[in-house]
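Have a look at the structure below, then the notes.
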Amino acid sequence: MRVIKQPGPPAPERIQWVEARSRAFSFTLEAGLPLLEAARRGFAAEGFAGGVLNLRSGALGPFAYVMPALSKTGDNAAFYSDTFRPCGITHLKTGAMTLGQRDGAPYFHCHALWVEADGRAGGGHILPEETVVAEAFAVDAFGIDRAVFLGEPDPETNFKLFGPVACATTGAETTSRVFALRLRPNQDFAGALEQFCSEQGIASARIHGGVGSTIGARFADGRIVEPFATELAISAGVIATGAGGALEAELDIALVDYTGGLAEGRLKRGDNPVLMTMELVLEVLTDAGP
């Protein structure tokens with residue numbers, strides 16, 4: 001399996017996780033608000049300080065983003081491009097967002113694919129500070145209680161990254177038992193989730209949100225993304241017992257690589273190692289029997 005050397009020592013715990021409670025709901029992002037504030041208000045209205053959401057459409061403008069890029073200094077295994085600010089209204093195609101806390105304030109991590117006003121298809125990492133909701137649009141959200149994704153320095157990658165930490169309940173109404181996760185680098189995406197579910201006695205689970213990166217990509221249909229630096233959003237994901245009796249993760253994703261290449265599809269199990277991080281929420285559907 002592919003491996004990319006990170007600048008710092010690997011943390012002993014390869015999956016950072018917190019058990020929590022959640023509830024699914026939908027809300028409308030308000031036109032004219034910064035995307036960060038619109039997302040914060042939507043979660044707060046349901047009693048949550050944060051969570052994850054999936055984007056199926058939407059209009060943004062002004063809009064700013066970065067793409068994955070090679071590191072110019074060697075301080076990181078990969079880095080970000082300069083900031084792009086396309087003119088006009090950008091229409092989202094698919095994406096995922098994690099809303100958490102960074103530097104004592106709300107912050108999000110969001111990867112998506114979109115079409116810009118001139119018809120150019122693009123993708124990347126949306127910048128919270130400069131992006132505004134151009135037209136109101138609905139999103140599917142999953143609020144988290146008793147855990148928060150917190151941006152903290154990560155010595156292994158030399159980035160400040162979101163990871164789940166336990167926190168006090170907000171008293172929000174919840175319906176589901178969940179695990180907030182962050183997968184660390186150089187472990188197979190599907191395999192790590194399958195092993196985690198097995199260790200936690202989970203027979204089936206559904207993924208909500210899902211923002212991170214893999215070392216290139218290998219798809220179940222045989223397609224290959226060779227450029228190693230990517231930014232990825234999960235569009236759908238489940239872990240359940242396969243035909244052979246073992247847990248299998250089905251991961252449908254959308255990504256952009258550092259050359260600007262775009263790809264969507266189901267990842268091949270066993271051949272898609274995490275590059276920097278993978279943050280998501282696992283909703284427990286059924287527990288394994290005794």
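The values are calculated or read from the model by the stated rules, or taken from the named source; none is laboratory data. For clarity, every value in this text was computed on a predicted model and none was experimentally measured. As a convention, Cβ positions derive from the backbone with ideal geometry for all residues, glycine included, and neighbour counts pool all protein chains shown. Just so you know, the surface numbers come from the protein's heavy atoms only, side chains and all, with ligands and any DNA or RNA stripped out. Shrake-Rupley method; radii C 1.70, N 1.55, O 1.52, S 1.80 Å.
Data table
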item: Region 227-258 - residue that is touching a strand residue (DSSP E or B) at 6+ places or on another chain (Cβ under 8 Å) and not in a strand (DSSP E or B) and, of those, most open to solvent (accessible area, probe 1.4 Å); result: Tyr258
item: Residues located in region 40-57, provided they are open to solvent by 10 Å² or more (accessible area, probe 1.4 Å) and within 17 Å of Ser235 (Cβ to Cβ); result: Asn54, Arg56, Ser57
item: Residues that are open to solvent by less than 60 Å² (accessible area, probe 1.4 Å) and not charged (D, E, K, R), drawn from region 1-23; result: Ile4, Gln6, Gly8, Ala11, Ile15, Gln16, Val18, Ala20, Ser22
item: Where a residue in region 32-47 is under 14 Å from Ala172 (Cα atoms) and in contact (Cβ under 8 Å) with a residue 24 or more places away in the chain and its partner, wherever it lies, is among the β-branched types (Val, Ile, Thr) and open to solvent by 50 Å² or more (accessible area, probe 1.4 Å), with Cβ under 8 Å and at least six apart; result: Gly42/Thr28; Gly47/Thr170
item: Flag if Val66 is β-branched (Val, Ile, Thr) and open to solvent by 30 Å² or more (accessible area, probe 1.4 Å); result: no
item: Region 259-290, residues that are open to solvent by 40 Å² or more (accessible area, probe 1.4 Å) and touching a Phe, Trp or Tyr at 6+ places or on another chain (Cβ under 7 Å); result: Arg266, Lys268
item: Arg41 vs. criteria of a type outside the set (A, V, I, L, M, F, W, C) and part of a helix (DSSP H, G or I); result: yes
item: 1 or more residues open to solvent by 10 Å² or more (accessible area, probe 1.4 Å) and farther than 23 Å from Leu29 by Cα: qualifying strands (runs of 3 or more DSSP E) within region 94-209; result: 147-154, 159-166, 176-183
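Yes or no, residue by residue, for (1) more than 17 Å from the chain's Cα centre (by Cα); (2) acidic (Asp, Glu); (3) in a strand (DSSP E or B):
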residue: Pro7; (1), (2), (3): yes, no, no
residue: Glu19; (1), (2), (3): yes, yes, yes
residue: Phe27; (1), (2), (3): yes, no, yes
residue: Phe48; (1), (2), (3): yes, no, no
